[in-house]
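What follows is one structure encoded as structure tokens, with my remarks underneath.
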Amino acid sequence: MIVCGVKLTHDGGVALVDDGRLVFSVEMEKLANNPRHQRVDDLEIVGELLAEYGYRLADVDRFVVDGWRKTHKVKPWGGQETLIDLAPYRRGLLDDDLLRPWSSHVLDLEYTSYPHYAGHVAAAYCSSPFAAAAEPSYVLCWDGAMFPFLYHYDPAARAMESLGAVHHMLGDTYHTLAMAFPPFDAPLQWPHTLALPGKIMAYIAHGTPDEGLVTSLGALLREAEREVLGTDRPDDDRLTESAGRRILARMREGLDAGGTAPADALASVHAFLGRALVDGLKERITADGRGTRNLCLVGGCALNIKWNSDIRASGLADAVWVPPFPNDAGSALGTACCELLRSPGPVHLRWDTYAGPGLVPSEPLPGWVARPCTPAGLAGLLHEKGEPVVVLHGRAELGPRALGHRSILAPATDPGMKDRLNEVKGRERYRPVAPICLEARAPEVFAPGVPDPFMLFDHEVRPDWRSRVPAVTHLDGTARVQTVGPGDDPFVFEVLTAYERLSGVPLLCNTSANRNGSGFFPDVRSAMEWGRVPAVWSDGVLYERP
């Protein structure tokens, strides 16, 4: 069965699954230097992407569209705008069947739409090692406009069961409460608020949680629950988005940080939400009593590496899986996975991290000099010159993190490199720069240093390494590590291995290669036109600006 998944709304994308294998998953922001969070406004792009990979519209057995609570206005293949009916954000009115299909058509094209939450949950399980091994798993999904719901998937019964919310705060609570304190108290309009959680998570390294404020936030939540829901243990029917918004508004109104410094107040909000997540998860898993030791984390809040690490360290699961596309970047792929869960065949998705768009051929800018350069030669250049290099290789990564194919790589040994990279990217100085590290050496440099190929967990930089790799050591002594082993991408592994051989250091700085506010560079010329880094390496060729 060939399934084409489409996400029309923000973070729009198109994905194709052929007999359980992911052929491509392309987010609109990664095409043509589009703005971050770009929508799909013209369905013509669906046919264009299918043709690029050798498929026709008529080849697709099922078109599936991600749900979003409302109709969405699009152009069908360059024609007049029309409304497309979408499934709701999380559930229907009569039951809590996460995989309830909503069928409709646009012109003569029939399609199915699944609730937005269903796509997140399906993407997490179907892409996981648990699905590959046909093992059961819990799935915790916490997205911006919904409560954190826990699900359990039993592959023997082919059943996805909702176990309810682990607490009663929307995912938007994090940035909404944080916007009460500087430097995040300036009003922002959508979609700029989508970038706030990552900035807040970086900034809290300036502060220390105030336990009095953490306790006050808990009391404020209980008060808001009683006021809005009538109880702190409501039925799921009461957990509508409007109820969540009222709880959030009540908490924002009652928030009083007293004399707590802003950085400490922000750290307190973070600590409160993280503890509520772990405590609520523990309560739900204990009450369920199935003994399942696998756990998937998904939804926009699963980009919070510190909460992910708290959950992993809690002992609630033996294995914690977070896909590299936990946010809406994975929704086109996820809604296609809903069909896998409902079909009689295998539910495991066979996929590759680098299944995004390929590089677009382009001519270099006049004045740039090109010469052949192997991956080992790139490592030598990084070691000898100590300068950042834009790296564009093969097909792009899935999800929001640059994982070596659309990256700026640089030595981590220079104490000024973090500030330099933040400056060229137009980012705040407090933003950390992530390390990309050889998997075998990671335990020596980081704690716990376990394999983390997608940069989605927090690690402590070991004290004896902090002075050796200052550019990737955050203010609180941590780093968002991406590990690379011999079974991962051969190109990235070769660069790191050659760099370690020359320098004795098994890691490099790794940040995304893109204009501020846009997706990854789609071609070499775009990186040259941006021009803030003097060298671009792409598929065996080094381009340098004299």
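Values quoted throughout were computed directly from the atomic coordinates according to the rules given, and no laboratory measurement underlies them. The model shown is predicted, which means the values in this text are computed figures rather than measured ones. Reconstructed Cβ throughout: ideal geometry from the backbone, glycine too, with neighbour counts over all protein chains shown.
Quote the charge dipole size of region 440-546 about the Cα centre in Debye, to the nearest 20; the model charges only the Cβ of Lys and Arg (+1) and of Asp and Glu (-1). Walk me through the numbers on the way to the answer.
Values: 10 positive and 14 negative charges, 71 e Å.
It comes to approximately 340 debye.
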Looking at Ala329, Thr292, Ser407, which one has the Cα that reaches farthest to the positive end of the dipole of the chain (charges on Cβ: Lys, Arg +1; Asp, Glu -1)?
Ser407
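Once you sort the root eigenvalues of the Cα gyration tensor of region 292-347 as a ≥ b ≥ c, which label holds: rounded (a/c under 1.5), prolate (a/b larger than b/c) or oblate (the other case)?
Oblate, because a/c is 1.5 or more while a/b does not exceed b/c.
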Per the 1/(1 + (r/R0)^6) rule, R0 = 25 Å and r from the Cβ atoms of Ser362 and Asp19, FRET efficiency to 0.05 is 0.15
Given 10 °C and 1.306 mPa s, compute D for region 243-353 with the Stokes-Einstein relation, Rh being the Kirkwood radius over Cα pairs; round to the nearest whole µm²/s.
94 µm²/s
Distance in nm between label sites at Arg427 and Arg226, each 7 Å beyond Cα in the beta-carbon direction?
4.4 nm
Surrounding charge for Arg226, neighbours by C-beta under 13 angstrom, Lys/Arg +1, Asp/Glu -1, total +1
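What order, most packed first, do the peptides 379-388, 236-245 have when packing is the mean number of other Cβ atoms within 10 Å of each residue? Walk me through the numbers on the way to the answer.
Numbers: 379-388: 17.5, 236-245: 15.1.
With the highest mean Cβ count within 10 Å placed first, the list reads 379-388, 236-245.
To the nearest 500 deg cm²/dmol, what mean residue ellipticity at 222 nm is calculated for the chain from DSSP H runs of n ≥ 4 alone, each contributing -39,500 (n - 2.57), summed and divided by the residues?
The helix contribution divided over the chain gives -9000 deg cm²/dmol.
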Principal axis box of the chain, alpha-carbon based, largest edge first, Å:
67, 62, 44
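Which percent, nearest 5, of DSSP beta bridges in the chain are antiparallel? Provide the component values of the computation, followed by the final result.
Numbers: 58 of 80 bridges.
Roughly 70 percent of the beta bridges in the chain run antiparallel, per DSSP.
Considering only region 133-321, what is the antiparallel percent among its DSSP beta bridges, to the nearest 5? Display every interim value, and only then the final one.
Values: 10 of 17 bridges.
Given both bridge residues lie in region 133-321, the antiparallel proportion sits at roughly 60 percent.
Less than 15 Å Cβ to Cβ from Thr176, Lys/Arg counted +1 and Asp/Glu -1: what total charge do the surrounding residues give? All intermediate terms of the calculation are to be shown ahead of the outcome.
Numbers: positive: Lys199, Arg245, Arg246, Arg250, Arg252; negative: Asp143, Asp172, Asp185, Glu241, Glu253.
Summing Lys and Arg as +1 and Asp and Glu as -1 gives 0.
Tell me the Kirkwood hydrodynamic radius of region 369-544 in angstroms, computed as one over the mean inverse distance between distinct C-alpha pairs.
Details: mean 1/r = 0.0631 Å⁻¹.
Roughly 15.8 Å, rounded to one decimal.
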With just the Cα atoms defining each centre, how far is region 261-305 from region 425-463? Give it in Å.
21 Å
Partner lysines whose C-alpha sits under 27 Å from that of Lys282, ignoring same-chain residues fewer than 8 away, are Lys306
Run the numbers for Arg158 and Ser104: contour at 0.36 nm per residue of separation, minus the present Cα-Cα distance, in nm.
16.9 nm
If each part is reduced to its alpha-carbon centroid, region 385-410 and region 105-133 end up apart, in Å, by 29 Å
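For region 133-321, what is one quarter of the convex hull surface built on the Cα atoms, given in nm²? Provide the component values of the computation, followed by the final result.
Values: hull surface 44.1 nm².
It is 11.0 nm².
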